[in-house]
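Input: a single structure, listed below in structure tokens.
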Amino acid sequence: MFTVVSRISPAKDISLIEVFAPRIASALLPGQFVNVKPTAGSRYVSLPVMKINHHTGTIVLLVQLVDDATTLLVNHPEVFILENMTGPHGRPSLLNECNDSELVKAKFLFIAGGLGVASALMQIEWLNKIGGSADVLLTAPSKSSLLFRDQFEKICRNVFLATDDGSVGFHGSVTQLLGLLPYDQVKGYDLITTFGPLKMMKQVADFALNHGIPATAGFVELLSATGLSGFRLDVGGESLDVALYGPEFDARQVDFQHAISRSSISVASGKDSGDTVKVRDISGKSLGEPVSKQA
């Protein structure tokens with residue numbers, strides 16, 4: 001069993017829970033996630049890790065209320081002992097494959113919305129600790145739903161904001177805002193990493209593909225926010241479980257339109273998704289090889 005050290009609510013139906021888990025905290029790498037079982041009778045919930053405190057042996061998880069299991073984590077403070085927590089799960093981020101000198105020199109852009117801010121914040125803090133830095137573009141429906149802006153401003157080189165209603169930052173989509181940035185700045189990014197709603201990540205993937213910029217997309221927030229398990233992507237004709245072979249993939253290859261359709265059907269029916277999500281074939285280019293730049 002695992003002890004909940006603290007629980008705060010930064011927004012309606014969302015909680016940050018800090019859990020004492022020294023073994024998991026010492027083993028976690030950027031890009032990985034944990035599975036939490038709140039009580040004996042509940043299901044496991046896949047959750048993104050927002051912060052690791054090696055000194056105290058705790059990890060901070062971001063949870064959104066979507067079903068009975070997440071309700072126990074968000075709205076029931078009496079649940080301070082978790083039945084179980086396993087991890088780390090998933091493959092680490094591409095960042096872990098680079099040496100420190102490469103990471104310090106590289107220019108990174110993170111684009112995040114919704115629960116995706118948790119994964120972005122963790123990876124940027126990890127970069128900071130080894131001497132690297134990053135820009136971030138945060139998107140939300142409105143100013144009130146923009147999470148952890150102040151924390152990003154403390155650790156990022158540049159913070160760009162976009163809201164659907166224009167209540168703060170740019171009034172419009174992430175790609176519209178990207179189009180307003182200096183051309184040399186956008187083309188200068190070595191990697192774009194995006195986390196959050198599927199429709200937003202699709203916009204980022206299309207932008208990266210059209211501009212020849214390597215990009216990754218993380219899907220643990222999909223598992224967490226929708227309650228889906230067994231969600232699969234068809235990568236190069238091979239069906240891959242997001243939890244086992246992800247949660248990050250080459251954003252330029254994923255067929256997001258199909259992913260959006262499949263996740264909507266699965267959520268509406270209340271069933272797990274065993275169906276596959278098709279992936280674009282971009283001539284076998286690996287993640288580290290930018291596709292040909294287009295005019």
inquiry  = Looking only at the range 104-131, count every residue that is surrounded by fewer than 20 Cβ atoms within 10 Å (Cβ to Cβ) and in contact (Cβ under 8 Å) with a residue 24 or more places away in the chain and tell me the total.
reply    = 8
task = Collect the residues in the range 211-252 that are part of a helix (DSSP H, G or I), hydrophobic (A, V, I, L, M, F, W, C) and either modelled with pLDDT of 80 or more or under 21 Å from L178 (Cα atoms) (or both), keeping them in residue-number order.
result = V220, V242, A243, L244
task = Select from the range 61-90 the residues that are surrounded by fewer than 16 Cβ atoms within 10 Å (Cβ to Cβ) and outside any strand (DSSP E or B) and write down the one among them that is modelled with the highest pLDDT.
result = D68
message = Taking the conditions exactly as written (part of a strand (DSSP E or B), surrounded by fewer than 16 Cβ atoms within 10 Å (Cβ to Cβ) and at pLDDT 95 or above), does T139 satisfy them or not?
response = no
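Residues are listed down the side, and each one gets a yes or a no for (1) out of contact with any helix residue (DSSP H, G or I) (no Cβ under 9 Å at 6 or more places or on another chain); (2) at pLDDT 95 or above; (3) not aliphatic (A, V, I, L, M):
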| site | (1), (2), (3) |
| --- | --- |
| D150 | yes, yes, yes |
| E153 | yes, yes, yes |
| C156 | no, yes, yes |
| V159 | no, yes, no |
| S167 | no, yes, yes |
| F170 | no, yes, yes |
| L177 | yes, yes, no |
| Y183 | yes, no, yes |
ask   = What number of residues in the range 40-60 are within 14 Å of T3 (Cα to Cα) and crowded, with 16+ Cβ neighbours inside 10 Å?
value = 4
request  = Name, by its number, the condition in (1) surrounded by 14 or more Cβ atoms within 10 Å (Cβ to Cβ); (2) modelled with pLDDT under 65; (3) within 24 Å of S145 (Cβ to Cβ) that does not hold for S264.
outcome  = (1)
inquiry  = Report every pair of residues separated by at least 6 positions or lying on different chains whose Cβ atoms are under 6 Å apart, first residue within the range 29-56 and assigned to a strand (DSSP E or B), second aromatic (F, W, Y).
reply    = N35/Y44; K37/Y44; S46/F33; P48/F33
request  = Kindly indicate whether any position in the range 6-15 is buried (at least 19 other Cβ atoms within 10 Å of the Cβ) and either among the hydrophobic types (A, V, I, L, M, F, W, C) or without any contact (Cβ under 8 Å) to a residue 12 or more places away in the chain (or both).
outcome  = no
query = Do we find a residue being assigned to a helix (DSSP H, G or I), over 14 Å from the mean Cα position of the chain (by Cα) and surrounded by 16 or more Cβ atoms within 10 Å (Cβ to Cβ) anywhere in the range 183-192?
reply = yes
request  = Name the one entry in S101, S15 that is polar (S, T, N, Q) and either in contact with a Leu (Cβ under 8 Å, 6 or more places away or on another chain) or at pLDDT 95 or above (or both).
outcome  = S15
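The values are calculated or read from the model by the stated rules, or taken from the named source; none is laboratory data. Treat the numbers as computed from the prediction; the structure is a model and nothing was measured. Positions of Cβ are generated from backbone atoms using ideal geometry, with glycine treated the same way; all protein chains shown enter the neighbour counts.
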